[in-house]
Amino acid sequence: MLIKFRINGDPVEVNVKPGDRLLVDVLREDLRLTGTKHGCGIGACGTCTVMMDGYPIASCLQLAAMCDGADIRTIEGLAGTAALHPVQQAFVNKSALQCGICIPGHVMAACALLEKNPDPSEEEIRASADSVYCRCTGYIRILEAYREAIALARSKSA
Amino acid sequence: MNPRDPRLAQVDSFLVVGKDVVRADAVPKVTGAAQYVADLHLPGMLHAAVLRSPHPHARIVSLDTAAAAAMPGVKAVATGADTAKRKWGAFRPDLYPLAIGKVRYVGDEVAAVAALDPETARAAVDRIAVQYEVLPAALSLDQALAPGAPLVHEDASGNVAHQFSFERGDVEAGFKASDVIVEGTWESARQWHTALETIGCVARWDNDRVTMWCNTQTPFLARGRYATALGVPESQVRVVQTEVGGGFGGKSGDDNASVICALLARRSGRPVKLVHTREEEFLASHPRMPMRYWVRLGFRRDGRILAKEIKMWADNGAYTGKSQAILGAASVRHDALYKYPCVRGNSTLVYTNLVPTGAFRGFGNPSADWAVEQAWDLAAEKLHMDVFDLLRMNAVDPGDVSPHNHRITSCELKQCMDKAAALIRWKEKRRKKAPDREIKEPARGLGMGCSVHVNGRRSFGDWDGSSAIVRVNEDGRATVITGEGEIGQGNLTVLRQIAAEELGLPYEHVDITRPDTDLQSHSLGALASRLTYVAGNAVKNAATAAARQLLEAAAEQFKRPASELTILNGEIGPRNGSETDFRPVGAVARANIYKPGGQPIVGVGSFDNPSEFPDHNRYGNESGAYNFIAQAAEVEVDPATGEVKLLEIASAVDCGTVINPATAVGQVQGGVMQGVGFAMTEYFDWWNGMPTDPQLKDYPLPGAAMVPKLHVAFADSYEPSGPFGAKGLGEIGLDAVPAVIANAIADAVGVRIHELPITAEKIHRALHPGLYAGEKPAAPAAPRGGTWARLSAGKPSGARPFSPEFIFARTVEEAVQLLAEGDAALVAGGMSHALRRERTGFPQAKRLVSIMRIPELQEFSIDARGMLRAGAAVRQQVFSEEPRVKERWQAIDDAMEGVGHTRIRHMLTVGGSVGPLIGGFDLPLAFLALDARVTVAGPRGRRTLSLEEAFQKRFAKDEMVVAVDVDSPPARSGSSFYKYMARRVLEIPTVNTAARVSLNADGTCAAARAVVGAVSWKPIVLDLEALAGRPVSEKSLREAVQDVRARAEPLSDVRGSAAYKREMAVEFTARALITAWKRARAEKA
């Protein structure tokens, strides 16, 4: 079946042959957007997190057919040509990464939270960071990156 | 106490070293541009799938691949017969790339397929027919060591893969002189690296040479072993390191994945990609080696250590990999931590028919520390000393030599202990212990422990060196050429900083290469915490040589002696010269080339660890320097459940000069949390030699919510043999963590854990033996279900070629009609279908009918009477965003928190969670407590029934959920929901409970209901009519739920034993009722 959706603002049409093809496969294989990672296949690790209509979802559990008409955003769609997205910049500033395989998931989860709620509580930050595993950092720097992103966004809008 | 080392003053003057520069890999990693092995795509590339042994031990009677090879789209099939039939391995070659004759563990590679797409490759694997003769297996240390045990390898009698012993000093005399002796046995467990990127390779042959793009941490060592396994000369193999998505020892090139990938590429003549599925990573990567560790320590009355003895047996698994070296590290390393005058040891590496073990951050130290650091804690108790004082009194000092000739150079262990104690406020918090007190409330405790680690280790022959080339380009930028690589720890950044500092260039002017075995010279790679120290020294030496050449070139150009010149921030000029006297490095380098007989600036440097190759019995100074850590933890233990809450963990590290503070802190924080996982969350249930569900679901990693306050400090320390005084620190953050937590638990509630993992159940059992006195343990039963059927046939997880039709139904009636036609499945969020596809490989229905575009199922409303209606297609996140839910139906709001994250709540729907009628699910249980009604539609029309009735009678197969209605609760009502995940296993909790309490105006109970899920086939519903009209108290509510214990029919599984689940069902039902009651009271006020 032919599905149409927006990917990082651009319209795309993908012929999804098996009706149960997953969004993560469409992104990584059909569209070659490999920034979204495949970590566990069961929605547990969060490295495949992308935004669908403004919400974070596990693209490894998302049937692609159901994305017809949706607005999908991935890690590739965040940075402008001149500058990183504030959330990306925050992860760089705070050195909130090591091997980096989980970082696209963390950045997308953080974006999804901060776009809905630019001033989240510590609890909300923790819950969001908790939604994506990181095997390297011990999370402290990722939590700092959330706070840095909030500060960067604030100074940008001020 | 510690007079400041005068060399530390020079550290303060460094321009690049010690500064938080931007990591070399930061931007590509935050933009998704970084290329990991799974991201590679070559033209014509095939995808591989592997058939694995489903038996722990079996003879291969026959193997038929004809049907697989004949499938359209299949381009190559390989079995052991197609290999060079050569065993390979780091120390003891015992592993075939594909099994020959026998399989020795569940997961052993039997055959492999390369096909046009992964689905076809898996389907072809399904068609490979293997006949096995199942052999008796050795599934534990005890079974493997028993007389007459089945032999895992015929050439290893008694299943002993390796053994050594030592006695250094007079141990008998030491124990004889001891006033206090402690001893005990501690057991550790398999821990998987669980790098979020699994092991993988893309291989391509060009004529007789193969290029392997691998995520290995040790490209050169991998090349040598892969060449052996492939039966080709070493120079015919080119290994290129891709971005590595986490290593931790697990990508040290001891597994078969890359070799099989190269075999398939050779047979098909096309590039092949083979990336482990998460399941394969659990079945066939090489996790941490479990050890049974007996230790005895003897002390003089004043606390001075007099003697130590260990006996240790380690579970090698079916193949050896690096485990032989791990055995050594676990036996002798710890003796460089305290001033042991004499030690005796006997260590045995034992083959079992279990997944092979291997290197994992800590390399044996964590299992040794798990035992010995607890034994020291026990000793402190027996000596009536504060463990801090005991450890500090015995800590090694610079100049000490361990009984194994480990020579301590720089050492600030005592400073580390002081810093860790200060960070956690040890003295202030450490209370007097009252040993016989009864613990009723959550209790806090403190624990401490230390560890020592190497900086490189002579393991693979008598060399632990590194070499590097530093090239200064004609534009003034430098390139560091090294094959050591990056696995996420920040090594490339650290090496760039070292080169920049030594060259006098800004950090941004130094680039560095990734490993490509065709380009760089031999290197050992990321292991043994060696890179900062060993590779750092080599890079520094190469930079020194390049700087010398630059200065000599400048001398000619400036017409002054080189000794009068200096390089500063990218420019060369006279020492004490003015700014205008300086000339850019690029100009000097270019002028040195463009002249008759000119040449580029190329510095070469190497370094060999000033260490000794240990003998068979592990005598020899294995590293030129040692790093140290002291750690302290504070925990809170809930005696009602046994749950341990981590409050704070303080780590103070002596790693010499800190080259990059952010990276160094990150290494320690990350190591600590891996230690927490090792201690508390990471383990499987096993059945017949394999994990019952080898996926991340059953193997939860610590998440951000679990992270305590983590303090990290570094000692003022300077290692004379290190680059700019630096030592390594990659592993040491992890080593002592499990022991430190266990010591804190012992301090809190007096329970000493001897066997990893530390679980809430073990603590609960130790605190309440009476509750378990009448327990009749049930015989373990074989797992069942589609996943198990696939696993026990050795087939890979993931989808097979399958093309269900996908239909968006427009009305309920259309969906019902499609369902009635048969072979159709409803999808709402679609998650259950996706999960089934991944886990079983075989989807259910030929038609997927989405209900998400049926307008009436989208309804989410609260009507004038306050009734909540949620249509089947409503996403659960909607409940979280509606403030009235939190006000009136708190149980639903609590359940949303139980579901976890927005990511999952936005995918789960009302219909998807209510439809299957599973009490262990969160939302339906909350609905049940709130007397919800459910409307279903079927070919016979619609009907509305109570959810309770639905749970009793089930829905018909052709019915679908339309909506759920929940009435507004009466005045003075409260509700609540609890989800207890004893170890965070996903999907179904240990127990979940929900409750609702309504009060009369006088505060007596009007109505109360509690429901319990996950401990019986149907939820247990308690309508507590006996409470009606009576005053309510915590005591009366607790009494009212006691018969949950008898009504529960839990199964023992990875979430806890049946007996523990019963106790937790009672506890959390009581908690749910008490919370609901308190909320009802609060509403009245």
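Bear in mind these aren't lab numbers, they're just calculated from the coordinates by the rules spelled out. Predicted, not measured: the structure shown is a model, and the values here were computed from it. Cβ atoms come from the backbone with ideal geometry, glycine included; neighbour counts cover every protein chain shown.
Table for the structure above
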| item | result |
| --- | --- |
| Computed over region A:46-158: relative contact order in percent, which uses C-alpha pairs under 8 Å that are six or more apart | 33 |
| Stretch gain in nm, segment residue B:945-residue B:544, where the contour uses 0.36 nm per residue and the Cα spacing is subtracted | 136.1 nm |
| Highest to lowest packing among B:157-167, B:467-477, B:936-946, A:49-59, scored as the average C-beta count within 10 Å | A:49-59, B:467-477, B:157-167, B:936-946 |
| Histogram of C-alpha separations across chain A, 10 Å bin width, % | 11, 41, 33, 13, 1 |
| Ranked packing of B:138-150, B:785-797, B:697-709, B:624-636, most packed first, by mean Cβ within 10 Å | B:624-636, B:697-709, B:785-797, B:138-150 |
| Over 21 Å (Cα to Cα) - which of B:886/B:979; B:176/B:414; B:311/B:419; B:440/B:645; B:311/B:414 fall in this group | B:176/B:414; B:311/B:419; B:311/B:414 |
| Eligible aspartates and glutamates near residue B:273 by straight Cα distance, threshold 15 Å, same-chain separation 8 or greater | A:29, B:39, B:117, B:119, B:197 |
| Average partner coverage of A:9-19, which counts Cβ from other chains inside 10 Å | 3 |
| Cα radius of gyration and Dmax for region B:169-257 (Å) | 21.9, 71 |
| 30 Å Cα-Cα reach of residue B:595 towards lysines, excluding residues that sit fewer than 8 places from it in its own chain | B:540, B:559 |
| Cα convex hull of region B:705-848, projected area averaged across orientations, nm² | 19.4 |
| DSSP beta bridge pairing in the protein assembly as shown, given as percent antiparallel to the nearest 5 | 80 |
| Directionally averaged projected area (convex hull, Cα atoms, region B:375-487), nm² | 13.7 |
| Rh by Kirkwood over Cα pairs, then Stokes-Einstein D for region B:975-1085 at 1.306 mPa s and 10 °C, µm²/s | 113 |
| Value of relative contact order over region A:33-102, rounded to a whole percent, pairs C-alpha under 8 Å and six or more apart | 28 |
| Kirkwood hydrodynamic radius (C-alpha pairs) into Stokes-Einstein, the protein assembly as shown, 25 °C and 0.890 mPa s, D in µm²/s | 76 |
| Descending semi-axes in whole angstrom, ellipsoid equivalent of region B:802-968, from the Cα gyration tensor | 26, 18, 14 |
| Label-point separation in nm, residue B:578 to residue A:1, each point 7 Å along Cα→Cβ | 7.9 |
| Of every Cα-Cα pair in region B:433-521, the percent that sits beyond 17 Å | 66 |
| Added length on full extension, which subtracts the Cα-Cα distance from 0.36 nm per residue, residue B:766 to residue B:522 | 82.5 nm |
| Cα extents of region B:465-511 along the three principal axes, largest first (Å) | 29, 18, 15 |
| Square roots of 5 times each gyration tensor eigenvalue, C-alpha, region B:69-196, largest first, Å | 45, 18, 15 |
| Residues of region A:93-134 with amide N under 17 Å of the 7 Å Cα→Cβ point at residue A:155 | A:93-96 |
| Quotient of C-alpha Rg and 2.2 N^0.38 Å, computed over region B:908-1052 | 1.10 |
| Cross-link reach list, aspartates and glutamates versus residue B:427, counting only Cα pairs under 19 Å and skipping chain neighbours closer than eight places | B:377, B:381, B:386, B:389, B:418, B:634, B:636, B:648, B:747 |
| Surface/4 estimate of mean projected area, convex hull on alpha-carbon atoms of chain B, nm² | 49.0 |
| Radius ratio Rg over Rh of region B:227-314, counting only Cα atoms, Kirkwood formula for Rh | 1.26 |
| Simple label model, 7 Å out from Cα along Cβ direction - residue B:425 to residue B:302, nm | 3.4 |
| Difference of contour (0.36 nm per residue) and Cα-Cα distance, residue B:968 to residue B:167 | 280.8 nm |
| P(r) weight above 21 Å for region B:15-114, C-alpha pairs, percent | 57 |
| Relative contact order (%) - criterion: Cα under 8 Å, at least six apart; region: chain B | 10 |
| Exercise: per-residue mean of other protein chain Cβ atoms within 10 Å, B:700-709 | 6 |
| Over 27 Å between alpha carbons, listed pairs A:37/B:102; B:957/B:1018; A:156/B:29; B:382/B:727; B:308/B:709 | A:37/B:102; B:382/B:727; B:308/B:709 |
| Estimated Rh, region A:86-157: Kirkwood, alpha-carbon pairs, angstrom | 11.7 |
| Shielding by partners - mean other protein chain Cβ count within 10 Å, residues of A:74-82 | 2 |
| Helix B:536-558 vs. chain B, principal-axis angle (Cα, 0 to 90°, nearest 10) | 50 |
| Nearest 10 degrees, 0 to 90: helix B:491-503 Cα axis against chain B principal axis | 30 |
| Relative packing of peptides B:500-510, B:584-594 - highest average C-beta neighbours within 10 Å first | B:500-510, B:584-594 |
